[in-house]
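Note sheet for the following structure.
The values are calculated or read from the model by the stated rules, or taken from the named source; none is laboratory data. Predicted model only: the values in this text are computed from it and were never measured. Positions of Cβ are generated from backbone atoms using ideal geometry, with glycine treated the same way; all protein chains shown enter the neighbour counts. Heavy atoms of the whole protein, side chains included, go into the accessibility calculation; ligands, DNA and RNA do not. Shrake-Rupley method; radii C 1.70, N 1.55, O 1.52, S 1.80 Å.
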Amino acid sequence: MSRTLLPDSCMLSSCVRLVPTTVRPVHSLICNSSRSFMDLKTLLSSLNDFASLSFAESWDNVGLLVEPSPPHIVNTLFLTNDLTEEVMEEALQKKADLILSYHPPIFRPMKRITWKTWKERVVIRALENRVGIYSPHTAYDAAPQGVNNWLAKGLGACTSRPIHPSKAPNYPTEGTHRVEFNVNHTQDLDKVMSAMKGIVDVSVASFPARIDDEQQTRISLNCTQKALMQVVAFLSQNRQLYQKTEILSLEKPLLLNTGMGRLCTLDESVSLATMIERIKRHLKLSHIRLALGAGRTLESLVKVVALCAGSGCSVLRGVEADLYLTGEMSHHDTLDAASQGINVILCEHSNTERGFLSDLQDMLGAHLENKINIILSETDRDPLHVI
């Protein structure tokens, strides 16, 4: 997914312009043998600068999931969409020091680490071989240069904006609420100020105000949700103060071009058949799954595309568009969309994500100034195949 102290860079109305481009290969640089290394903590800080983990959804499990005992030096960063046992074997053969797995291999809490399940075995092998595991997942979904932005590049020239814009991790000022009221000459200003300043997590400011030709003092304070209850309790003791009190809920600023999903408006409408071929070419797929919207044909025009890499049900539901593009949707959500005349293209979950890793390899190479070796998994693939 502000109305308070919103900086210019956080304007909601802004959108990003997407034009298909060719990424300049830098793999020859990345594979240069005369390369330095990075300390794990330094690398993690740089990865967070590239795409902040604060972009991730609250339910997600992102960041460093497995850490070898420090100090840990990273010469080789290994990129994969899913960290399966086969991919782990490949990473060990290629002497990876840190695996960046887009999907977190550890999601639900583990009560034990044994040889019984494949995810436990992945963790054991990582620890035994001093290999760290890092997962960005929905942080990369939301990032301006992330997975959904990459997926939108396959549509053709278009403008794009997040369907659910992300908010800044912090409020623009101290506290979550602002309380404002006036104190006139018949009330004890010092007593009121002293009481407000005595509450923890409250910052108070005052300035002169003239109301109905009467000189008064305007009190403005910021406070947390917990402190708000104490402020209200004090003000409610004075009916005259309490009746004229204003309480404002502070919103976190929206982040430019950051958030879940993308709503893309094409510069020129194209037929659904043309759009299908563009998507298949971008994702390097020979087949996709299509649900035609009610009254639509392959020659129907597509102007607006709502997309979400991976599983897009919750992000796309209710969005007005000519086409939904995602990896997977439930049967009933697909029926609902089609009944509204919305075409639905499903490409399987990770097929809408994996291609981003090639772009990521180039972007991280530049961001990290080619200090480490960055390689892509060759065995990582979607578990589902059309036969």
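Net charge near Leu272, counting Lys/Arg +1 and Asp/Glu -1 over other residues with Cβ under 9 Å of its Cβ? Numbers along the way, then the final one.
Values: positive: Arg296; negative: Glu299, Asp322.
Residues near Leu272 contribute -1 overall.
Note on segment 46-140: percent of Cα-Cα distances in each 5 Å bin, starting at 0 and stopping at the bin with the largest distance, equals 3, 14, 24, 26, 19, 12, 2, 0. For segment 260-387, the dipole from Cβ point charges (+1 on Lys and Arg, -1 on Asp and Glu) about the Cα centre works out to 120 debye, to the nearest 20. In the chain, helical runs assigned H by DSSP with n ≥ 4 each contribute -39500 (n - 2.57); averaged across all residues and rounded to the nearest 500, the mean residue ellipticity at 222 nm is -7500 deg cm²/dmol. When the surface is traced with a 1.4 Å probe over the full set of protein chains, Met196 keeps roughly 0 Å² accessible. Treating each Cα of segment 40-102 as an identical point scatterer and summing with the Debye formula, the log10 of I(q)/I(0) at q = 0.13, 0.14, 0.21 Å⁻¹ comes to -0.38, -0.45, -0.97. Using a cut-off of 27 Å between Cα atoms, the listed pairs Lys41/Lys119; Lys191/Lys226; Lys167/Lys197; Lys191/Lys252 include Lys167/Lys197; Lys191/Lys252 as exceeding that distance.
Which shape class applies to segment 258-319: rounded if a/c is under 1.5, otherwise prolate when a/b exceeds b/c and oblate if not, where a ≥ b ≥ c are the square roots of the Cα gyration tensor eigenvalues? Could you put the intermediate results ahead of the total?
On the way: a/c = 1.45, a/b = 1.26, b/c = 1.15.
Rounded is the answer for segment 258-319, as its axis ratio a/c remains below 1.5.
Using a probe of 1.4 Å on the protein chains alone, the accessible area found for Leu290 is around 70 Å².
With N counted as the residues of the chain, its alpha-carbon radius of gyration over 2.2 N^0.38 Å works out to 1.24.
Protein heavy-atom accessible surface, 1.4 Å probe, per residue over the chain: 51 Å².
In summary, segment 233-387 shows an alpha-carbon radius of gyration equal to 1.51 times the 2.2 N^0.38 Å reference for compact globular proteins. The C-alpha atoms of segment 153-308 occupy a region whose extents along the principal axes are 78, 33, 26 Å, arranged from largest to smallest.
When the accessible area of the chain is split by element with a 1.4 Å probe, what percent falls to carbon and sulfur?
Roughly 52 percent, rounded to a whole number.
Among the trypsin sites (Lys or Arg not before Pro) within segment 221-286, those in coil by DSSP and having at most 14 neighbouring Cβ atoms inside 10 Å are Lys244, Lys284.
If the chain linking Leu290 and Gln93 were pulled fully straight, counting 0.36 nm for each residue of separation and taking away their Cα-Cα distance, it would gain 67.0 nm.
Of all chymotrypsin sites (Phe, Trp or Tyr not before Pro) in segment 97-132, which ones are in loop regions per DSSP and have a Cβ with at most 13 other Cβ atoms within 10 Å?
Trp115
Classify segment 97-147 from the C-alpha gyration tensor, please: rounded if a/c falls under 1.5, else prolate or oblate depending on whether a/b exceeds b/c. Kindly include the intermediate steps, with their values, before the conclusion.
Working: a/c = 3.74, a/b = 1.85, b/c = 2.02.
Oblate, since a/c reaches 1.5 and b/c is not below a/b.
Give me the net charge of His137's neighbourhood, meaning all other residues with Cβ under 10 Å from the Cβ of His137; Lys, Arg count +1, Asp, Glu -1. Net local charge, His137 excluded: -4.
Taking all protein chains together and rolling a 1.4 Å probe, Lys167 ends up with roughly 100 Å² accessible.
Distance between the C-alpha centres of segment 118-132 and segment 359-381: 21 Å, rounded to the whole angstrom.
For segment 327-387, a/c is not less than 1.5, where a ≥ b ≥ c are the root eigenvalues of the C-alpha gyration tensor, and a/b tops b/c. That puts it in the prolate class.
Express the C-alpha Rg of segment 109-244 as a ratio against the empirical globular expectation 2.2 N^0.38 Å, rounded to two decimals. Write out the running numbers ahead of the final one.
Numbers: Rg = 26.9 Å, N = 136, 2.2 N^0.38 = 14.2 Å.
Its radius of gyration relative to the 2.2 N^0.38 Å reference: 1.89.
The simple Förster model, with R0 at 51 Å and r as the Cβ-Cβ distance, assigns Lys191 and Ser45 a FRET efficiency of 0.60. Of Met229, Met260, the order by accessible heavy-atom surface (1.4 Å probe, DNA, RNA and ligands excluded), from most exposed downward, is Met229, Met260.
Restricting everything to alpha-carbon atoms, can you work out Rg to Rh for segment 240-283 with a Kirkwood hydrodynamic radius? Display every interim value, and only then the final one.
On the way: Rg = 23.0 Å, Rh = 15.8 Å.
Value, to two decimals: 1.46.
The distance separating the Cα centre of segment 164-222 from that of segment 47-112 comes to 46 Å.
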